[in-house]
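Inspection log for the structure reproduced underneath, given as structure tokens.
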Amino acid sequence: MSATPFAAWAASLPEPPHRAVLDVREEPATAAARLAAAGLGAHHVVYEHGGTWHFAAGSATFEATATASTARHGERSWHAPAPRGPLAAVRAALAALRAASPRDRTVHGWAAFELAHLLHGDPARAGTEPLLSILVPSVDIVLRPG
């Protein structure tokens with residue numbers, strides 16, 4: 001797989017945002033829900049870890065199926081086959097992000113349960129939907145009770 005589509009995608013992204021860490025008076029989950037409803041990006045992720053809530057939003061995404069990958073930013077898309085599978089495609093996308101920006105960049109993502117089928121030698125059951133998805137945020141906020 002050529003890294004060229006991913007290099008062009010990564011180069012199209014603005015510099016990584018500074019991460020804001022906020023101590024909020026209301027429940028962090030409520031604050032995260034407010035941020036999600038505010039429409040700060042085309043896509044968003046909200047998750048909790050150890051009592052701290054995280055909100056990230058942006059328009060840059062990367063998705064990989066069993067056979068292909070698509071990177072998007074705003075209205076632009078870059079497509080590439082993934083002959084070595086979705087893990088190699090994500091590895092290439094993350095390498096392109098590192099090469100494009102000298103600053104550390106946070107990404108958020110998920111893996112579908114169906115990825116297990118592919119990893120355990122049953123690609124037919126992996127389906128055609130995205131198996132791995134990444135959001136590259138333009139807004140990155142950590143919410144702590146306080």
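The values are calculated or read from the model by the stated rules, or taken from the named source; none is laboratory data. Worth saying up front: this structure is predicted, and the values here are computed from it rather than measured. Counting neighbours? That spans all protein chains shown, and the Cβs are built from the backbone with ideal geometry, glycine included.
Number of residues in region 79-112 that are of a type outside the set (A, V, I, L, M, F, W, C), more than 22 Å from Ala57 (Cα to Cα) and in a helix (DSSP H, G or I) equals 1. Filtering region 73-117 to residues that are over 20 Å from Val45 (Cβ atoms) and aromatic (Phe, Trp, Tyr) leaves only Trp78. Taking region 29-48 as the range and being over 13 Å from Asp140 (Cα atoms) and in a strand (DSSP E or B) as the test, only Glu48 passes. From the list Arg98, Arg105, the one residue that fits, being surrounded by 14 or more Cβ atoms within 10 Å (Cβ to Cβ), basic (Lys, Arg) and more than 13 Å from Ala66 (Cβ to Cβ), is Arg105. Here Glu129, Glu114 are screened, and the one residue that is more than 26 Å from Pro16 (Cα to Cα), modelled with pLDDT of 90 or more and in contact with a helix residue (DSSP H, G or I) (Cβ under 8 Å, 6 or more places away or on another chain) is Glu114.
Could you say whether any residue in region 37-49 is surrounded by 15 or more Cβ atoms within 10 Å (Cβ to Cβ) and over 16 Å from the mean Cα position of the chain (by Cα)? No, that holds for no residue. Looking at this structure, is Thr70 out of contact with any Leu (no Cβ under 6 Å at 6 or more places or on another chain) and either buried (at least 16 other Cβ atoms within 10 Å of the Cβ) or in a helix (DSSP H, G or I) (or both)? When the stated conditions are applied, Thr70 passes them.
Going through region 66-88 one residue at a time, which ones are over 11 Å from Trp9 (Cβ atoms) and without any contact (Cβ under 8 Å) to a residue 12 or more places away in the chain? Within region 66-88, just Glu75 meets the criteria. Looking only at region 111-124, residues that are of a type in the set (A, V, I, L, M, F, W, C), surrounded by fewer than 17 Cβ atoms within 10 Å (Cβ to Cβ) and touching a residue at least 40 places away in the same chain (Cβ under 8 Å) come to 0 in all.
Summed over region 135-146, the residues that are in contact with a Ser or Thr (Cβ under 9 Å, 6 or more places away or on another chain) and either buried (at least 20 other Cβ atoms within 10 Å of the Cβ) or modelled with pLDDT under 90 (or both) give a count of 5.
Pro83 meets each of the listed conditions (1) closer than 13 Å to Phe6 by Cβ; (2) at pLDDT below 90; (3) of a type outside the set (Phe, Trp, Tyr) apart from (1).
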